[in-house]
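Take a look at the structure below.
The values are calculated or read from the model by the stated rules, or taken from the named source; none is laboratory data. No experiment lies behind these values; they were computed from the predicted model shown. In this analysis, Cβ positions are derived from the backbone assuming ideal geometry, glycine residues included, and neighbour counts consider all displayed protein chains. When the accessible area is computed, the model is the full protein with side chains, heavy atoms only, and any ligands, DNA or RNA have been set aside. Shrake-Rupley method; radii C 1.70, N 1.55, O 1.52, S 1.80 Å.
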Amino acid sequence: MKKLFIILGLPLTVFCGCKKSSKNEGAAPNQDVVSTFAGNGQPGYNGGPPGTDYLNGPTGLAFDAAGNLYVADPILQMIVRITPDAVATIYAGIGTGGFENGTAHNSEFFYPEGVAFDKSGNLFVGDSYNNVIRKVAPDGTVSTFAGVPGPTGGYQDGPAISAQFNMPAGIVFDPAGNLYVADVNNGMIRKITPSGTVSTVAGGLSLANPTQPGIDSDGNLYVSNQDPANYGIVKITATGTKSLYVSNVVTQGGLIFDPSGDLYIADAKQAVILKIAPDGSQNTVAGKTGVGGYVNGPVLSAEFGYPLGIALDKSGNLFVADYGTNTIRKVIF
């Protein structure tokens with residue numbers, strides 16, 4: 001068992017098996033399986049061929065158009081890029097917490113947690129402890145997209161350059177190019193338009209420190225909420241109307257929709273990946289409820305340490321940032 005860690009101010013217990021499981025242990029050919037895509041279970045960084053790369057508490061995930069996976073690793077203070085053949089390299093950050101714009105390999109982040117791409121291939125980062133949203137252009141230039149950098153957050157709507165956030169975590173784009181930010185310590189969802197205007201979409205929330213809010217094809221936003229009045233996954237329409245979409249599921253983990261409208265939830269507390277169909281039916285896609293560990297193999301026999309970020313590739317495979325085992329897990333189902 002790993003020691004108690006703090007993610008964005010909340011305590012959590014994460015689990016890691018002492019032995020790494022084989023890629024498809026106990027699985028028959030073509031069976032639905034969980035495997036390790038990147039990381040070897042040891043904390044740190046040593047980018048290289050599959051099986052030699054290290055991660056240390058990965059959280060947010062995002063794919064680019066070429067199929068490369070980008071990982072926000074807040075403990076390493078880096079953004080790591082992993083190719084489709086699982087070779088990891090540092091994309092941005094130098095590995096020390098701070099604030100520095102410029103070239104990607106000279107930049108500094110302070111607990112980067114959420115990542116998302118826009119349609120132009122720019123990577124946006126929820127830089128939580130700097131209280132800003134950073135932008136990494138395709139040429140590797142890092143800049144501040146929104147927020148006033150500093151260790152003390154605040155709350156201010158308006159032009160992005162003067163807006164204030166208080167621990168921005170998960171971020172997600174809607175189909176129109178608006179960026180939504182889980183502003184955790186303010187208990188709000190903030191919206192940043194492509195032109196750079198910040199507004200408050202929904203306030204009065206008790207956010208469960210989400211690493212990745214979800215957006216459906218109609219542009220409705222979904223976020224994990226701890227407020228007893230709407231305890232669960234809350235749906236927020238474009239007009240700001242809130243309703244309870246899934247009850248009794250609150251997670252720091254990510255939310256993502258597939259093209260069929262199914263919602264996938266990284267339920268970090270229960271150490272499973274859940275699927276919510278459009279008709280509201282719910283089932284476990286991978287993992288054993290309430291059993292944390294590090295086991296690959298058939299999906300319902302696999303174990304996760306503390307699943308946080310979640311992403312879908314173009315083939316419909318799920319990728320999970322398993323904070324508890326310092327790995328990226330791949331779920332084929």
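Looking at the structure I just gave you, is Ile215 modelled with pLDDT of 95 or more, buried (at least 24 other Cβ atoms within 10 Å of the Cβ) and β-branched (Val, Ile, Thr)? No, not satisfied.
Within segment 105-129, restricting attention to residues that are outside any strand (DSSP E or B), in contact with a strand residue (DSSP E or B) (Cβ under 9 Å, 6 or more places away or on another chain) and open to solvent by 10 Å² or more (accessible area, probe 1.4 Å), the residue that is farthest from Val148 (Cα to Cα) is Lys119. Keeping to segment 196-212, report how many residues are at pLDDT 95 or above, farther than 19 Å from Thr237 by Cβ and either open to solvent by 30 Å² or more (accessible area, probe 1.4 Å) or among the hydroxyl-bearing types (Ser, Thr, Tyr) (or both). Of the residues in that region, 1 qualify. Considering segment 156-170, the residues that are aliphatic (A, V, I, L, M) and either touching a Lys or Arg at 6+ places or on another chain (Cβ under 9 Å) or part of a loop (DSSP other than H, G, I, E, B) (or both) include one that is most open to solvent (accessible area, probe 1.4 Å), namely Ile161.
Applying the selection to segment 61-103, what residues are over 23 Å from Asn130 (Cβ atoms), modelled with pLDDT under 95, open to solvent by less than 60 Å² (accessible area, probe 1.4 Å) and not β-branched (Val, Ile, Thr)? Ala86, Ala88 - these are the residues of segment 61-103 that are over 23 Å from Asn130 (Cβ atoms), modelled with pLDDT under 95, open to solvent by less than 60 Å² (accessible area, probe 1.4 Å) and not β-branched (Val, Ile, Thr). Considering every residue within segment 147-163, establish whether at least one is under 20 Å from Val71 (Cβ atoms) and over 16 Å from the mean Cα position of the chain (by Cα). Scanning segment 147-163 turns up no residue that is under 20 Å from Val71 (Cβ atoms) and over 16 Å from the mean Cα position of the chain (by Cα). Identification of strands (runs of 3 or more DSSP E) wholly contained in segment 230-333 with 1 or more residues that are buried (at least 17 other Cβ atoms within 10 Å of the Cβ), touching a Phe, Trp or Tyr at 6+ places or on another chain (Cβ under 8 Å) and among the hydrophobic types (A, V, I, L, M, F, W, C) yields 232-236, 255-257, 263-267, 272-276, 282-286, 307-312, 318-322, 327-332. If you go through segment 305-333 and keep only what is closer than 21 Å to Ile215 by Cα and charged (D, E, K, R), you end up with Asp313, Lys314.
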